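Visitor: This structure is in structure tokens; I'll ask about it shortly.
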Amino acid sequence: GSPLVNRPATREDVPATTSRSDALSRALNQRGFKFVGSTICYAFMQAAGLVNDHTIDCFKAPSI
């Protein structure tokens, strides 16, 4: 699939967690992972390119 593209107006508008990161965290915890919270899952999703949270005014936003 393609990444989920968000276009927050400012850095403050970028969420720390989402319902998808909550679900991923719960699924991993149910499978025995420890210390894997929703914030860590969302950061992983950003780093892996699953979500794109570049702000509207980011110079990289149009090319990503």
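Visitor: Place the peptides 45-52, 2-9 in order of packing, highest mean first, counting for every residue the other Cβ atoms within 10 Å and averaging per peptide.
Guide: Values: 45-52: 14.5, 2-9: 12.0.
For the peptides 45-52, 2-9, the packing ranking is 45-52, 2-9.
Visitor: Next up: Determine the relative contact order of the chain: mean sequence separation of Cα pairs under 8 Å and six or more apart, normalised by residue count, in whole percent. Mind dumping the intermediate values first?
Guide: On the way: 64 pairs, mean separation 30.6, N = 64.
Once normalised by length, the contact order is 48 percent.
Visitor: Something else now. Quick check: the angle from helix 38-47's long axis to the longest principal axis of the chain, C-alpha only, nearest 10 degrees?
Guide: Rounded to the nearest ten degrees, it is 50.
Visitor: Restricting to DSSP H runs of at least four residues, report the calculated mean residue ellipticity at 222 nm for the chain, -39500 (n - 2.57) per run over all residues, nearest 500 deg cm²/dmol.
Guide: Values: 2 runs with 22 residues, N = 64.
Computed ellipticity for the chain at 222 nm equals -10500 deg cm²/dmol.
Visitor: Using only Cα atoms, figure out Rg for the chain and give it as a multiple of 2.2 N^0.38 Å. Each step should come with its number before you reach the end.
Guide: Working: Rg = 13.0 Å, N = 64, 2.2 N^0.38 = 10.7 Å.
Computed over Cα atoms of the chain, the ratio equals 1.21.
Visitor: Which angle between 0 and 90 degrees, to the nearest 10, do you get for helix 19-30 versus the longest principal axis of the chain when only C-alpha atoms count?
Guide: The two axes meet at around 30 degrees.
Bear in mind these aren't lab numbers, they're just calculated from the coordinates by the rules spelled out. Every value quoted in this text rests on a predicted model; they were computed, and no experiment measured them. Positions of Cβ are backbone-derived with ideal geometry, glycine not excepted, and every protein chain shown enters the neighbour counts.
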